[in-house]
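Undergrad: Take this structure first; my questions come after.
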Amino acid sequence: MTNQLKYFFGSIGTIPLLPIMYVQGKRIRTKVPSLPEATGHEGITNSKQPIDFQLITIGESTVAGVGVKTHAEGFSGNLAKELAKKLDKTIRWKVYAKSGITAKRVPAELITQIKETQADLIVIGLGANDAFEGNSPNTWRKGIEKILRELRTKFPTTPIAFANMPPIKEFPAFTTLIKQTIGNLVEIHGQELQKIVADQSNVFYNAEVLWIKDWLKGDLVNKTINDFFSDGVHPSKLTYQEWAKDFARFVVPKLNL
């Protein structure tokens, strides 16, 4: 079954549940605080060496650092730290992100803002808002493909890596019904993304599903799931650190350095 058919039949099955989901959604919005995006959209990590690696991150609220005060504490800053250690390079990093953005809006609202003319790695984090809006796999595909076309115009050979899809089924603030319905759509979008990158050169997607239980070991064994979320939806400082470590382990072997 194609992802579009999965979406179609899933949508039909969801129709009787829409009134319940509407009420639950309103309750969630009243309980979840409205957190700002992080400040400090660019930085340099490991300045002992000459600057020799440019990282650009693009995406929605998680890339925008919602849940922490500064981007140095968020995904981009932590990823730069991990890349600096693994590559023994000084990383100049820059964030282009906006809360609430969908794949369709990224080219006009974010990619047009990119001033850099050279990059060594572009990382993209999207998926939650397309699921929250109920966008179909076809709509998602068209948005992603346009993003790639626009980026390839600016950066013809730069590696592009998509981060894991958001773990909506783990969000403490969500009800079981919303976790399942929205979480299933995110998984379908992830499957569609795998198909897209399979046809692209030097484009990668970390399809590994993020499960908090996988992080509950070693120094983190006494943590609870709530420690990994700032507001029940967005990552905490701890999650940004662990996510960046995982993603660095995924992406570094892909780089032809």
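The values are calculated or read from the model by the stated rules, or taken from the named source; none is laboratory data. Remember, it's a predicted structure, so these values are computed and weren't measured experimentally. A quick note on method: Cβ atoms are made from the backbone with ideal geometry, for glycine too, and the neighbour counts reach across all protein chains shown.
Undergrad: Does the stretch 200-241 hold any residues that are closer than 30 Å to Glu150 by Cα and charged (D, E, K, R), and which are they?
TA: Within the stretch 200-241, just Glu208 meets the criteria.
Undergrad: Do we have any residue at all in the stretch 82-105 that's more than 19 Å from the chain's Cα centre (by Cα) and on the phi > 0 side of the Ramachandran plot?
TA: Of all residues in the stretch 82-105, those more than 19 Å from the chain's Cα centre (by Cα) come to 84-92.
Checking the rest, the ones that are also on the phi > 0 side of the Ramachandran plot come to 88.
For the stretch 82-105, residues more than 19 Å from the chain's Cα centre (by Cα) and on the phi > 0 side of the Ramachandran plot: present.
Undergrad: I'd like the full set of residues that are among the charged types (D, E, K, R) and in contact (Cβ under 8 Å) with a residue 40 or more places away in the chain, limited to the stretch 23-77.
TA: Of the residues in the stretch 23-77, the ones among the charged types (D, E, K, R) are 26-27, 29, 31, 37, 42, 48, 52, 60, 69, 73.
Lys31, Glu37, Glu42, Lys48, Glu60, Glu73, listed by residue number.
Undergrad: Let me ask another. Quick one: which residue in Asp227, Asp219 is in contact with a helix residue (DSSP H, G or I) (Cβ under 9 Å, 6 or more places away or on another chain) and either surrounded by 16 or more Cβ atoms within 10 Å (Cβ to Cβ) or not aliphatic (A, V, I, L, M) (or both)?
TA: Details: Asp219 fails: in contact with a helix residue (DSSP H, G or I) (Cβ under 9 Å, 6 or more places away or on another chain).
Among Asp227, Asp219, only Asp227 is in contact with a helix residue (DSSP H, G or I) (Cβ under 9 Å, 6 or more places away or on another chain) and either surrounded by 16 or more Cβ atoms within 10 Å (Cβ to Cβ) or not aliphatic (A, V, I, L, M) (or both).
Undergrad: Do we find a residue being crowded, with 19+ Cβ neighbours inside 10 Å, closer than 16 Å to Leu121 by Cα and touching a Leu at 6+ places or on another chain (Cβ under 6 Å) anywhere in the stretch 165-181?
TA: no
Undergrad: Moving to a separate point now. I need the strands (runs of 3 or more DSSP E) fully contained in the stretch 115-211, keeping only those with at least 1 residues that are touching a Gly at 6+ places or on another chain (Cβ under 6 Å) and under 21 Å from Ser61 (Cβ atoms). Break it down stepwise before answering.
TA: Details: elements: 121-125, 160-162, 203-205.
By residue number, 121-125.
Undergrad: Out of Phe204, Phe174, Phe155, Phe162, I need the residue that is over 18 Å from the mean Cα position of the chain (by Cα) and modelled with pLDDT of 95 or more. Which one? Can you show your working first?
TA: Values: Phe204 fails: over 18 Å from the mean Cα position of the chain (by Cα); Phe174 fails: modelled with pLDDT of 95 or more; Phe162 fails: over 18 Å from the mean Cα position of the chain (by Cα).
Just one listed residue meets the conditions, Phe155.
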